[in-house]
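A short worksheet on the structure shown next.
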Amino acid sequence: MGADALLKLHHLHLELPNGTALLEDVSLTVRRGDALGVVGESGSGKSLTAMSVMGLLPGLKASGSIRFEGRELLGLKDRQWRRLRGAGMAMIFQDPMTAFLPVRSIGAQIDEQIRLHEPVSRREARARTVALLGRMGV
């Protein structure tokens with residue numbers, strides 16, 4: 001992997017516990033500063049691939065390699081994933097209706113994510129949330 005590779009998937013396979021293949025032999029490289037568009041039919045594995053990179057598919061068997069900034073991600077423990085998500089990588093989900101809970105304020109949900117991923121006080125998380133929402137004009 002070149003020094004400029006940010007993300008590299010190499011022969012990624014994903015399967016259900018019963019052995020049913022969900023992804024087969026996915027390989028790609030994203031270099032720093034590049035953007036990658038993944039296109040395909042509904043059900044072709046685009047979201048599964050992205051969620052695999054984020055470690056959001058517990059219970060599925062993954063093999064091959066997922067490297068982010070040179071670090072192998074397959075096999076990370078939950079605590080290691082939590083440190084990486086938000087601080088080093090993030091995912092914007094397609095459906096905004098499932099991204100946030102309508103019964104909680106957006107500020108409370110953003111605060112929660114900041115505090116999950118960074119060692120900050122409630123006051124600091126709130127200040128950062130207000131600043132982020134301000135930058136978005138909310």
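A short reminder: the numbers here are calculations on the coordinates, not readings from a lab. Bear in mind that the values here come from a model prediction, so they are computed numbers and not experimental data. Positions of Cβ are backbone-derived with ideal geometry, glycine not excepted, and every protein chain shown enters the neighbour counts.
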Problem set entry | Length added when fully stretched, residue 80-residue 47, from 0.36 nm per residue minus Cα-Cα | 9.7 nm
For this session: Just tell me which lysines come within less than 18 Å, Cα to Cα, of residue 8; anything on the same chain fewer than 8 places away is out.
Result: 46
Exercise. Suppose R0 equals 30 Å; then what is the FRET efficiency for residue 27 and residue 92 from their Cβ-Cβ distance, rounded to the nearest 0.05?
Worked result: 0.80
Problem set entry | Value at 222 nm in deg cm²/dmol, rounded to 500, when DSSP H runs of n ≥ 4 in the chain each add -39,500 (n - 2.57) | -9000 deg cm²/dmol
Seminar exercise, completed: Across 114, 92, 66, the residue with the highest GNM fluctuation in the chain (Cα network, 10 Å cutoff) is 92
Exercise. What is the distance in Å between the Cα centres of the range 1-30 and the range 77-91?
Worked result: 18
Problem set entry | Proximal aspartates and glutamates to residue 61, defined as alpha-carbon separation beneath 19 angstrom and excluding residues fewer than eight positions away on the same chain | 15, 24, 25, 72, 78
Exercise. How far apart, in nm, are the 7 Å Cα→Cβ label points at residue 56 and residue 104?
Worked result: 1.6
Exercise. For semi-axes √(5λ) of the Cα gyration tensor in Å, which listed value, (i) 22, 18, 16; (ii) 30, 18, 16; (iii) 32, 21, 13, comes from the coordinates shown?
Worked result: (ii)
For this session: With a point put 7 Å past each Cα toward its Cβ, work out how far residue 5 is from residue 63 in nm, to one decimal.
Result: 2.0
For this session: Run the quick spin-label model on residue 113 and residue 138: label points 7 Å from Cα toward the beta carbon, then report their separation in nm to one decimal.
Result: 0.9
